[in-house]
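Contents: one structure, followed by commentary.
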Amino acid sequence: ERPALDGFRVAASFDDGQVFAVTARTPAIYTATMTRFFPREHDPEWTWRWMGKDAAWTIVNTGAQPIVTTLGIELSAFHRARRMELLLDGHHVQTLVVEPSRRIYQFGPLTVMPGGHELVFHPADAPTVASDVINTGDRRPLSVALGTWNWTVRGEQP
């Protein structure tokens, strides 16, 4: 009985559910796929995905022109601060230090050409096996947790 969220409209209603149509406009840039991340986890405060040595996104500029964008991304390093490099299509974009406390980090501005691109997150230091520092039995090699993110388009390039 609640109204549909922004970007959706009720397309059909049934006794046991509803079908929604997407009405939101196509974004100028979006994250299409995420690879080499562990499955999503959550607690009462947030949700995240751990990465080990390297992880990547496929990002897509949906327009016909290059765009200038920034990426705000929620990160938290495992066990200690870690340097992390961001690469766009194999080219260095930025390096920053991710602290263990969760916060939003800013990447960019990035110029993204039309179409799909690989955005790689590369921690400079080797990941740490979780059970080597906390007594959980978790044998995964962890480096950085990634939470929410948002793209902000700053403009188009001619």
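Any residue in segment 44-52 that is open to solvent by 90 Å² or more (accessible area, probe 1.4 Å) and touching a strand residue (DSSP E or B) at 6+ places or on another chain (Cβ under 9 Å)? No. A search for C-beta distances below 6 Å between a residue of segment 16-29 that is loosely packed, with under 11 Cβ neighbours inside 10 Å and any residue that is outside any strand (DSSP E or B), counting only pairs 6+ apart in sequence or on different chains, returns ALA24/GLY7; THR26/THR62.
Can you name the residue in segment 1-15 that is of a type outside the set (A, V, I, L, M, F, W, C) and either touching a residue at least 40 places away in the same chain (Cβ under 8 Å) or assigned to a loop (DSSP other than H, G, I, E, B) (or both) and is also farthest from PRO114 (Cα to Cα) among such residues? This residue is ASP15.
Considering only residues that are more than 18 Å from ASP54 (Cβ to Cβ) and modelled with pLDDT of 95 or more, look in segment 112-131 and name the one that is most open to solvent (accessible area, probe 1.4 Å).
The extreme case among them is MET113.
Regarding SER13, is this residue open to solvent by less than 90 Å² (accessible area, probe 1.4 Å) and either β-branched (Val, Ile, Thr) or within 30 Å of SER131 (Cα to Cα) (or both)? It is false that SER13 is open to solvent by less than 90 Å² (accessible area, probe 1.4 Å) and either β-branched (Val, Ile, Thr) or within 30 Å of SER131 (Cα to Cα) (or both).
Taken together, the residues in segment 106-133 that are among the hydrophobic types (A, V, I, L, M, F, W, C), out of contact with any Ser or Thr (no Cβ under 8 Å at 6 or more places or on another chain) and free of Cβ contacts under 8 Å to residues at least 40 places away in the same chain amount to 1. Among the residues of segment 63-81, those that are surrounded by 14 or more Cβ atoms within 10 Å (Cβ to Cβ) and part of a loop (DSSP other than H, G, I, E, B) comprise GLY63, PRO66, PHE78, HIS79.
Within segment 91-100, identify whether any single residue is open to solvent by 30 Å² or more (accessible area, probe 1.4 Å), within 16 Å of ALA145 (Cβ to Cβ) and in contact with a helix residue (DSSP H, G or I) (Cβ under 9 Å, 6 or more places away or on another chain), and answer yes or no.
no
Sub-8 Å Cβ pairs linking a first residue in segment 137-158 that is under 23 Å from GLU45 (Cβ atoms) and touching a residue at least 60 places away in the same chain (Cβ under 8 Å) to a second residue that is basic (Lys, Arg) and outside any strand (DSSP E or B), at least 6 apart or interchain, are ALA145/ARG102; GLY147/ARG102, ordered by first then second residue.
Applying the set (1) over 16 Å from the mean Cα position of the chain (by Cα); (2) modelled with pLDDT of 95 or more; (3) surrounded by 12 or more Cβ atoms within 10 Å (Cβ to Cβ) to MET84 leaves exactly one unmet item: (1).
Figure legend. Inter-residue proximity from segment 74-92: first residues without any contact (Cβ under 8 Å) to a residue 24 or more places away in the chain, second residues open to solvent by 50 Å² or more (accessible area, probe 1.4 Å) and among the β-branched types (Val, Ile, Thr), beta-carbon distance below 8 Å, spacing 6+ or different chains. Indicated pairs: ALA81/VAL97.
The values are calculated or read from the model by the stated rules, or taken from the named source; none is laboratory data. What you are looking at is a predicted structure, and each value in this text was computed from that prediction instead of being measured. Glycine also receives a Cβ, built like all others from the backbone with ideal geometry; neighbour counts cover every protein chain displayed. When the accessible area is computed, the model is the full protein with side chains, heavy atoms only, and any ligands, DNA or RNA have been set aside. Shrake-Rupley method; radii C 1.70, N 1.55, O 1.52, S 1.80 Å.
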